[in-house]
Amino acid sequence: MDQSFVTRADLRLQHLPSGWVFHYPRFNWSGGVSASLLIGLYKLIVSPSAESLNWHAKGITTLLFLLSSYFLCLQFIRQWIFQALAFTVIASSALQFAEPSSDIIAASFFALFMLSVRLGWPRLISSGLLALFGVSKIQLLACSLGVGAVWYWWDFRENRMRWQVPFWTFFWLLLLMAPGFKLYGIDMIRTVKGLRTFASSYVFMFSPHQFSTGLEPAVASSLDWREVMRSVFPGARTIKDVVLRHPKKYLDFLLVSGSFGLFSILQTMGLMLIPFFQAWRLAAFPASTKLSLRLLGAAASLSLLPPLLLRFISPRYLAVVFIPIVVLAAAASSVSGSPKSLRITFIVCSVLTFLLNALLFQGRLITSPSMPFG
């Protein structure tokens, strides 16, 4: 898949006869800026072989994912039994092995951002983590700005800080993006993958259900997305053309992609949404998690709804919200005076989810580079 970004990540500064050459990641790569910078810096220090590079990248991803989850559990969850259950559910999900690693690195940076806000770290550091989350993937930039807006609204309301959050956030975004714009211009962000993403997702979702020998089903089973677009969506050169010229087929796509997304949610979350929404219904979340819940809500809506316009929500997209949902559900269950029914529900759901994850772990580990797990 797009894990090939680890081979392209390159921060070397070279002197050629034509002059100095500096490499910097493009934002429209699958690795985005954050993951490519992280892997590029690691390659400068360690210099792994081409054969072992992917294993090194997976090791970095796994370590960052599990450490950010662990510290989030320690900070938010009060009782050790709930800490252990929450971390076990997260670690057994196998999400840390999903590819491309940029999605998991983005989830780790978001967890670290939530941790920094909870601990009251300087806004210079917290906004830097938010910016690293935003430039992990091109589709997460708008999400990070939305999360930043919620954070700014809360910060202004509670602390009367008028400028620090937006100033430092845009400072980090400019710092991370400026070298790319200097080197590549608009090509830093320009991408033509929208139509290709839509077509490949259409093939993946619809081709298994084609049993007729007619033209359209035959083409729909093809691996060439250009053939699919020419036959199924004639005249469509952009996503806008697909929507305006073939609205019925696009509506079919949205309905099917929504069902695929629902399956991904059940596959990834297990039973952990039950205690989360029970805590919501019982108003059992502690007051200290109010901002975290708002940040989670912004991240969930802005990171999960836009992909539905082009493809279905795969489990790796859910990694951003998976860690906070499990941790916040455990936080509500472990707080002093929480309803007994909520505590029992969390324990039962976490144990059952762990057992389910344990049964599927090996299969997820094997299929992590491909869909539907990836």
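The values are calculated or read from the model by the stated rules, or taken from the named source; none is laboratory data. None of the values given here were measured: they were computed from a predicted structure. Using ideal geometry, Cβ is built from the backbone for each residue, glycine included, and neighbour counts are taken over all protein chains shown.
Mind checking which residues of segment 270-301 are under 14 Å from the mean Cα position of the chain (by Cα) and either more than 22 Å from Phe76 (Cβ to Cβ) or crowded, with 18+ Cβ neighbours inside 10 Å (or both)? Correct list: Leu296, Ala298, Ala299.
Tell me the residue from Val147, Val165 that is touching a Lys or Arg at 6+ places or on another chain (Cβ under 7 Å) and either more than 30 Å from Leu255 (Cα to Cα) or surrounded by 18 or more Cβ atoms within 10 Å (Cβ to Cβ) (or both), please. Exactly one of Val147, Val165 is touching a Lys or Arg at 6+ places or on another chain (Cβ under 7 Å) and either more than 30 Å from Leu255 (Cα to Cα) or surrounded by 18 or more Cβ atoms within 10 Å (Cβ to Cβ) (or both), namely Val165.
Among the residues that make up segment 171-191, is at least one of them surrounded by 14 or more Cβ atoms within 10 Å (Cβ to Cβ) and basic (Lys, Arg)? Checked segment 171-191: no residue is surrounded by 14 or more Cβ atoms within 10 Å (Cβ to Cβ) and basic (Lys, Arg). The set of residues in segment 210-258 that are of a type outside the set (S, T, N, Q), at pLDDT below 70 and more than 19 Å from Ser314 (Cβ to Cβ) comprises Phe211, Gly214, Leu215, Glu216, Pro217, Ala218, Val219, Ala220, Asp224. Can you spot a residue in segment 11-18 that is touching a residue at least 12 places away in the same chain (Cβ under 8 Å) and either under 30 Å from Gly120 (Cβ atoms) or of a type outside the set (Gly, Ala, Ser) (or both)? Scanning segment 11-18 turns up at least one residue that is touching a residue at least 12 places away in the same chain (Cβ under 8 Å) and either under 30 Å from Gly120 (Cβ atoms) or of a type outside the set (Gly, Ala, Ser) (or both). If the condition is being in contact (Cβ under 8 Å) with a residue 60 or more places away in the chain and either more than 26 Å from the chain's Cα centre (by Cα) or outside any helix (DSSP H, G or I) (or both), then segment 178-191 contributes Leu183, Ile189, Arg190, Thr191.
Counting only helices (runs of 4 or more DSSP H) wholly contained in segment 31-128, the ones carrying 3 or more residues that are farther than 28 Å from Gly270 by Cα and out of contact with any His (no Cβ under 7 Å at 6 or more places or on another chain) occupy 34-46, 53-76. Remark: Asn28 matches the filter, which requires a residue to be assigned by TED's automatic domain parsing to the domain that holds Leu176, in contact (Cβ under 8 Å) with a residue 40 or more places away in the chain, within 21 Å of Arg316 (Cβ to Cβ) and not in a helix (DSSP H, G or I). Could you grab the pairs with beta carbons closer than 6 Å, sequence gap of 6+ or different chains, first residue in segment 157-177 and under 15 Å from Leu145 (Cα atoms), second one of a type in the set (D, E, K, R)? Here the result reads Gln164/Arg123; Val165/Arg123; Val165/Asp155; Trp168/Arg123, each pair linking segment 157-177 to a residue that is of a type in the set (D, E, K, R).
Taken over segment 80-136, the residue count meeting the criterion of being under 19 Å from His56 (Cα atoms) and among the basic types (Lys, Arg) is 0.
Within segment 262-286, no residue that is outside the structural domain of Ala329 (by TED's automatic domain parsing) and over 19 Å from Ala358 (Cα atoms) sits with its Cβ atom under 9 Å from a residue that is at pLDDT 90 or above and surrounded by 18 or more Cβ atoms within 10 Å (Cβ to Cβ) at 6+ positions apart or across chains.
One residue alone among Ala86, Ala94, Ala57, Ala98 is within 27 Å of Gly120 (Cα to Cα) and modelled with pLDDT of 85 or more, and that residue is Ala86.
Let's see how each residue does on (1) over 30 Å from Gln83 (Cα atoms); (2) surrounded by 17 or more Cβ atoms within 10 Å (Cβ to Cβ):
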| position | (1), (2) |
| --- | --- |
| Ala9 | yes, yes |
| Phe27 | yes, yes |
| Leu44 | yes, no |
| Ala50 | yes, no |
| Leu53 | yes, yes |
| Thr61 | no, yes |
| Phe65 | no, yes |
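Residue by residue, here is whether (1) in contact with a helix residue (DSSP H, G or I) (Cβ under 9 Å, 6 or more places away or on another chain); (2) assigned by TED's automatic domain parsing to the domain that holds Ala98; (3) under 15 Å from Ser116 (Cα atoms) holds:
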{"residue": "Leu41", "(1), (2), (3)": "no, yes, no"}
{"residue": "Val46", "(1), (2), (3)": "yes, yes, no"}
{"residue": "Leu67", "(1), (2), (3)": "yes, yes, yes"}
{"residue": "Gln75", "(1), (2), (3)": "yes, yes, yes"}
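Based on what the data block shows, is Leu318 surrounded by 24 or more Cβ atoms within 10 Å (Cβ to Cβ), at pLDDT 95 or above and of a type in the set (A, V, I, L, M)? Answer is no for this residue.
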